[in-house]
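See structure below.
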Amino acid sequence: METFGLWIAALLTLGIMSFLYKDNPIYKFCESIFIGISAGYWFVSLFWQSMYPRLYLNIRGAISTLLHEGRISDDRWLYLVAGILGVMMLLRLVPKIGWISRWPLSFIVGSTAGLYFITYLQSNIMNQIRSTIIPIYVPGNLGISISNLIVFVGVFCGLVYFFFSREHKGAFGGAAKVGIWFLMITFGASFGFTVMSRMSLLIGRIDFLFGTWLGLIK
Amino acid sequence: MNFFDKLMKIDRRIIFLFVAAAVILPFFLSIHQKILISPEVQGLYDAFESLPPGSKIMISYDYDPASAPELQPMAVTAMKYCFTKGLKVIILGLWPQGSIQANMAIESALEDPRVKEKNPQYGKDWVNLGYMSGNELVIQRMGTDIPVTFPRDYQGNPVEDLPLMQGIKNFSNVDFIFNLSAGYPGTQEWVQFAADRFHAKLGAGNTAVQAPGMYPYLRAGQLVGLLGGMKGASEFEKLTDFEGKGTKFMLSQSFAHAIIIIFIIIGNLAYFISRGVKKK
């Protein structure tokens, strides 16, 4: 059975890779299988690992407490609210009453905005500003001094570039140009990392085909 | 059409062939590539090393098979290291396939003779809490109550029955968090919610695509260390002395990069020379 699975995986890999030559029906077939299986897997996984234990079991527990102990004060009833909001969200599939889905959506947008306002302010603004306020010259350590100077110039010129209320001319324009260079270097570094990432995926597949499947690599 | 014009219009499939050759050939060569350690990987290793045996470490597997070639070597090495050093591992996943990747990493780790010798046991040395939907809200909830967030483990056992989970209430009972991430939810959310809000000590292993975005967090001290892509994995393997797929794949990675650099140079030369010829 394991060998059968291995062959299926290898043939599907080759089918997807055939797109490198040109678009073809085998590629489309493999792509469709991938999309179908992914959707199915996500659904089953979400149902058994989330909806069943979190929603069903909790609500069942709350009902059981109510029936056996006569207690209605149970935190687990809150899951019923979540369940109702979930059902309301699904109502967008019914065009006539689809507007109801806006209520749970508003709940999500409001709570997410509130949550992220604090976290982004703390993690991505305050902490980053704090880490930029550094001594440009560190006595006895030339490496750190150069590194800190680069950070300072990069942040300053980058901010100048994004200041559009004044024409980019003279010294101001020069600083903006340096800012562009810093941005270009950043994009270049990101692209380099992206190439490394994509190559890693290819290497992983080659290792599977030549190693796990054909047994040519030890 | 001169030679350089032809070079500019080279069929992309020829480039694919060169890249394929550059990736495949190194698998059959016995060249050992020197791996240099970067400060961010050293930082992560130092954080692991500073943990005494018995420390509780949380590993969040936030990726799926698509990113496994980069992240799985890191995961396997981390598991081997934790098991041999006597660190207790609490596994979870914010991606549905994450906990399955964790099981695969553990299977690989248990094959290592040094790990076998330690004979790690489920429930005592490691637990897999499974996947939980809710993205960053799961982290937020764990900050106040981990057993309420994960009442049962991956196998359906109540967490209060697992010896390792005794005394674990929130992040203050976890000595270190290591996040393996391929996107959202991932390292950024762990930084925002676990490190900055609940002051948890956090390190990360990221896909190379994601890694550049994490450097500001590293510089600001919100992350103690970072493994970026396969290169990061190979460095971590070298430091921990568990040579694995990260190291094995690096030669192919380097060959492929060399080919791409050569093509970039050829492409640019051809462009400028053919432009010069046309101007004349």
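I'd like the orientation of helix B:12-24 relative to chain B: the angle between its Cα long axis and the longest Cα principal axis, in ° from 0 to 90, rounded to 10.
50 degrees
Across peptide B:224-230, how many C-beta atoms of other chains are within 10 Å of each residue C-beta, on average? Each step should come with its number before you reach the end.
Values: counts 0, 0, 0, 0, 3, 6, 7.
Mean shielding by partner chains, rounded to a whole number: 2.
Mind ranking B:217-230, A:25-38, B:71-84 by how tightly packed they are, going by the mean number of other C-beta atoms within 10 angstrom, highest first?
Numbers: B:217-230: 23.4, A:25-38: 12.8, B:71-84: 25.6.
By packing density, highest mean first, the sequence is B:71-84, B:217-230, A:25-38.
Quick one: putting +1 on the C-beta of Lys and Arg, -1 on the C-beta of Asp and Glu, what dipole do you get for segment B:128-280 around its Cα centre, in Debye to the nearest 20?
Details: 14 positive and 12 negative charges, 265 e Å.
My answer is approximately 1280 debye.
By counting other Cβ atoms within 10 Å of each Cβ, how are B:231, A:96 ranked from fewest to most?
In order of increasing Cβ crowding within 10 Å: A:96, B:231.
Tell me the label-point distance for the pair residue B:258, residue B:6, using the 7 Å Cα-to-Cβ offset, in nm and rounded to one decimal.
In this crude label model, residue B:258 to residue B:6 measures out at 2.7 nm.
Can you tell me what the convex hull of the Cα atoms of chain B projects to on average, as an area in nm²? Don't skip to the end; give the middle numbers.
Numbers: hull surface 70.4 nm².
Mean projected area of the Cα convex hull: 17.6 nm².
Counting Lys and Arg as +1 and Asp and Glu as -1, what is the net charge of the other residues whose Cβ lies under 14 Å from the Cβ of residue A:79? All intermediate terms of the calculation are to be shown ahead of the outcome.
On the way: positive: A:54, A:60, A:76, B:141; negative: A:74, A:75.
Residues near residue A:79 contribute +2 overall.
Give me Rg over Rh for the protein assembly as shown, both radii from the alpha carbons and Rh done the Kirkwood way, two decimal places.
Values: Rg = 25.9 Å, Rh = 25.8 Å.
Rounded to two decimals, Rg over Rh is 1.00.
Would you order A:106, B:274, A:197 from fewest to most other beta-carbon atoms within 10 Å of each residue's own beta-carbon? Working shown, then result.
Details: A:106 10, B:274 18, A:197 22.
Fewest to most other Cβ atoms nearby, the residues stand as A:106, B:274, A:197.
How much net charge surrounds residue B:186 when only other residues with a Cβ under 10 Å from its Cβ are counted (Lys, Arg +1; Asp, Glu -1)?
Numbers: positive: none; negative: B:62, B:136, B:189.
Taking every Cβ under 10 Å from that of residue B:186, the sum is -3.
Relative to the longest principal Cα axis of chain A, at what angle does helix A:2-17 sit, 0 to 90 degrees, rounded to 10?
Value to nearest ten degrees: 50.
Hey, could you get me the Stokes-Einstein D for segment B:181-280, Kirkwood radius over alpha-carbon pairs, 10 °C and 1.306 mPa s, rounded to whole µm² s⁻¹?
Details: Rh = 16.2 Å.
Calculated translational D: 98 µm²/s.
Which ³J(HN,Hα) values in Hz, rounded to whole numbers, follow from the phi angles of segment B:136-153 under the Karplus curve 6.51 cos²θ - 1.76 cosθ + 1.60, where θ = phi - 60° and Gly and Pro get x?
Coupling constants for segment B:136-153: 5, 5, 5, 5, 4, 5, 5, x, 10, 7, 6, x, 6, 5, 10, x, 10, 7 Hz.
Work out the FRET efficiency for residue A:67 and residue B:278 from their Cβ-Cβ distance, taking R0 = 60 Å, and round it to the nearest 0.05. Intermediate results must be reported in sequence, preceding the final value.
Details: r = 86 Å, r/R0 = 1.44.
Calculated value: 0.10.
Do the sum for the protein assembly as shown: with -39,500 (n - 2.57) for every DSSP H run of n ≥ 4, divided by all residues, what is the mean residue ellipticity at 222 nm, to the nearest 500 deg cm²/dmol? Display every interim value, and only then the final one.
Working: 19 runs with 276 residues, N = 498.
Computed ellipticity for the protein assembly as shown at 222 nm equals -18000 deg cm²/dmol.
Kirkwood hydrodynamic radius of segment A:1-158 from all distinct Cα pairs, in Å?
Details: mean 1/r = 0.0443 Å⁻¹.
Computed over segment A:1-158, the radius equals 22.6 Å.
Counting C-alpha atoms alone, how compact is segment A:138-218: give Rg to one decimal and Dmax as a whole number, in angstrom.
Expressed in Å, the Cα Rg and Dmax of segment A:138-218 come to 21.6, 65.
Using only the Cα atoms of segment A:12-105, what do you get for the radius of gyration and for Dmax, in Å?
Cα only, segment A:12-105: 21.2, 69 Å (Rg, Dmax).
Would you work out which of A:117, B:42, A:80 lies farthest towards the positive end of the dipole of the protein assembly as shown, given +1 charges on the beta-carbon of Lys and Arg and -1 on that of Asp and Glu, about the Cα centre?
Working it through, the farthest residue towards the positive pole turns out to be A:117.
Using R₀ = 30 Å, calculate the FRET efficiency as 1/(1 + (r/R₀)^6) where r is the Cβ-Cβ separation of residue A:118 and residue A:191; round to 0.05. Mind showing how you got there, number by number?
Values: r = 33 Å, r/R0 = 1.10.
With a Förster radius of 30 Å, E is 0.35.
Would you tally the net charge around residue B:14, using a Cβ to Cβ cut-off of less than 15 Å, leaving residue B:14 out, and scoring K and R as +1, D and E as -1?
Working: positive: A:22, B:6, B:9, B:12, B:13; negative: B:11.
With Lys, Arg at +1 and Asp, Glu at -1, the neighbours total +4.
What ranking of A:87, A:155 emerges when the number of other C-beta atoms within 10 Å of each C-beta is taken as an exposure proxy, fewest first?
A:87, A:155
How well do other chains shield peptide A:128-141, expressed as the mean number of their Cβ atoms within 10 Å of each residue Cβ? Walk me through the numbers before you get to the answer.
Working: counts 5, 1, 2, 7, 3, 0, 1, 0, 0, 0, 0, 0, 0, 0.
Average per residue, whole number: 1.
Report the label-to-label distance for residue B:124 and residue B:17 in nanometres (one decimal), using points 7 Å from each Cα along the Cα→Cβ vector.
5.9 nm
By how many degrees, 0 to 90 and rounded to 10, does the Cα axis of helix B:98-110 deviate from the longest principal axis of chain B?
Once rounded, one gets 90 degrees.
If you bin every alpha carbon distance in segment B:65-158 into 5 Å steps from zero, what whole percent lands in each bin?
3, 13, 23, 22, 19, 14, 5, 1
Each reported figure results from applying straightforward, stated rules to the coordinates on display, with no laboratory input. This structure is a prediction, so every number in the text was calculated from the model and none was measured. Cβ coordinates were reconstructed from backbone atoms using ideal geometry, including for glycine residues, and neighbour counts include every protein chain displayed.
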